[in-house]
Amino acid sequence: GENVEQHPSTLSVQEGDSAVIKCTYSDSASNYFPWYKQELGKRPQLIIDIRSNVGEKKDQRIAVTLNKTAKHFSLHITETQPEDSAVYFCAASKMSGGYNKLIFGAGTRLAVHP
Amino acid sequence: GAGVSQSPRYKVAKRGQDVALRCDPISGHVSLFWYQQALGQGPEFLTYFQNEAQLDKSGLPSDRFFAERPEGSVSTLKIQRTQQEDSAVYLCASSGGGTTEAFFGQGTRLTVV
């Protein structure tokens, strides 16, 4: 079955610096790659997603890139702010039977220091 | 409601007890998922419903886990004879179907003592 590896497990940056989180997936049929942000004790919330027919997507300070050949995708956060501190999860899925079952990475704990 | 609602938020069970966790999805959402999130880990898929039909239960860890969604809206995850390894946050998510965004509830933190 699908397996998603996520690195690093923890990331500490200074406010204003950039942060990059990388994920690899195993199933070449995967075609949907969302990123979720989870603050302590709260629900995971979608921050950006990308589908396999595009290589890059940007939304203000957040961007995601996808390399289908290498089966990896990355989250880039620029001009980090303390409120970006949270755990970030990547996920991969493929449409099968009319639904997409998300397979998550283990998460990256991002700390942004003022 | 405005989002996915889960209850209770916290549940402490003695080993061997049965528990029932409730999920109220966003109104009109066809798809409903249950995930298990162990401490410091990513959510792991348990089961999927399309309306009232349970189409995928491949992630349920044992036959002590049972889920239902009898009228295609509210869902209940039941765990019989709880064990310590069942301690985790149980997340419910709903979506409009396909690869549309999955919205998560706040989860139920289950602690088995």
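Key figures for this structure:
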quantity	calculated
Contacts under 8 angstrom Cβ, first residue in the range B:88-105 being free of Cβ contacts under 8 Å to residues at least 40 places away in the same chain, partner crowded, with 24+ Cβ neighbours inside 10 Å and in a loop (DSSP other than H, G, I, E, B), 6 or more apart	none
Set A:21, A:48: member being touching a Cys at 6+ places or on another chain (Cβ under 8 Å), within 13 Å of chain B (Cβ to nearest Cβ) and at pLDDT 95 or above	A:21
Within the range B:31-86, strands (runs of 3 or more DSSP E) holding 3 or more residues that are of a type in the set (A, V, I, L, M, F, W, C) and within 14 Å of chain A (Cβ to nearest Cβ)	B:31-37, B:44-50
Test: residue in the range B:41-51 that is surrounded by fewer than 13 Cβ atoms within 10 Å (Cβ to Cβ) and out of contact with any His (no Cβ under 7 Å at 6 or more places or on another chain)	no
Residue count for the range A:57-114, restricted to those that are β-branched (Val, Ile, Thr), away from chain B (no Cβ under 14 Å) and not in a loop (DSSP other than H, G, I, E, B)	5
Condition broken by residue A:60, with the remaining ones in (1) without any contact (Cβ under 8 Å) to a residue 12 or more places away in the chain; (2) out of contact with any Lys or Arg (no Cβ under 8 Å at 6 or more places or on another chain); (3) on the phi < 0 side of the Ramachandran plot; (4) surrounded by fewer than 18 Cβ atoms within 10 Å (Cβ to Cβ) satisfied	(3)
Number of the exception - residue A:82 against (1) under 22 Å from residue A:54 (Cβ atoms); (2) open to solvent by 20 Å² or more (accessible area, probe 1.4 Å)	(1)
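The values are calculated or read from the model by the stated rules, or taken from the named source; none is laboratory data. This is a predicted model, so every value here is computed, not measured. Here the Cβ is made from the backbone with ideal geometry for all residues, glycine too, and neighbour counts use every protein chain on show. Surface areas here come from the heavy atoms of the whole protein model, side chains and all, with no ligands, DNA or RNA. Shrake-Rupley method; radii C 1.70, N 1.55, O 1.52, S 1.80 Å.
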